């Protein structure tokens, strides 16, 4: 902040107005009537929008507000689902769900759609309590009886509700 033109009285105070959102700040100490005051701002979470307003008040009672808005890039991409068939064991697949690209907001839920003749390692399908907030989650699907047809589809959504297509 500056107040250093001809006939200016210098700065009296510099302070935050309102409540900062997703910003931290430090206003460096300065003597009253100083022509310059410095402050430092930092975004707390780069994945979340933020706003802060700083007011500079000069010795003549004039003020100027400087407001800074931080806008993140929103996640518009669904999680990536890959299913890899085990080439050495019949009726075994590894499923990997990822939501770990730049600006992704992480996995929320994984859904098994139309399961036929399959089970999961430890007999437990992926539960939201285990998948939510993870950048990557993998699990193994196996056929219950390899003499019969097995099938399944996987869908996943992220924490901002982007849903993958069925794989």
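A short reminder: the numbers here are calculations on the coordinates, not readings from a lab. None of these values were measured; they are calculated from a predicted model.
Worth pointing out:
- Choice from 125, 31, 115 with maximal GNM fluctuation in the chain (Cα, 10 Å cutoff): 31
- Shape parameters for the stretch 80-158, alpha-carbon atoms, Rg then Dmax in Å: 13.0, 44
- If you wrap the Cα atoms of the stretch 34-167 in a convex hull and average its projected area over all directions, you get 11.6 nm².
- Over the chain, relative contact order from alpha-carbon pairs under 8 Å, at least 6 apart, %: 18
- Listed residues 133, 61, 91, most fluctuating in the chain (Gaussian network, C-alpha, under 10 Å): 61
- Residue with peak Gaussian network fluctuation, the chain [Cα springs, cutoff 10 Å], from 117, 62, 100: 62
- Debye intensity ratio I(q)/I(0), log10, the stretch 36-85, q values 0.17, 0.23, 0.27 Å⁻¹ (C-alpha model): -0.72, -0.94, -1.08
- Straightening the chain between residue 77 and residue 32 buys 11.1 nm, computed as 0.36 nm per residue apart minus the Cα-Cα spacing.
- For the stretch 1-106, fraction of C-alpha pairs farther apart than 16 Å, in %: 70
- Per-residue ellipticity at 222 nm computed for the chain from its helices equals -500 deg cm²/dmol, with DSSP H segments shorter than 4 residues left out and the rest contributing -39,500 (n - 2.57).
- Normalising by residue count, the stretch 11-70 has a Cα convex hull of 66 Å³ per residue.
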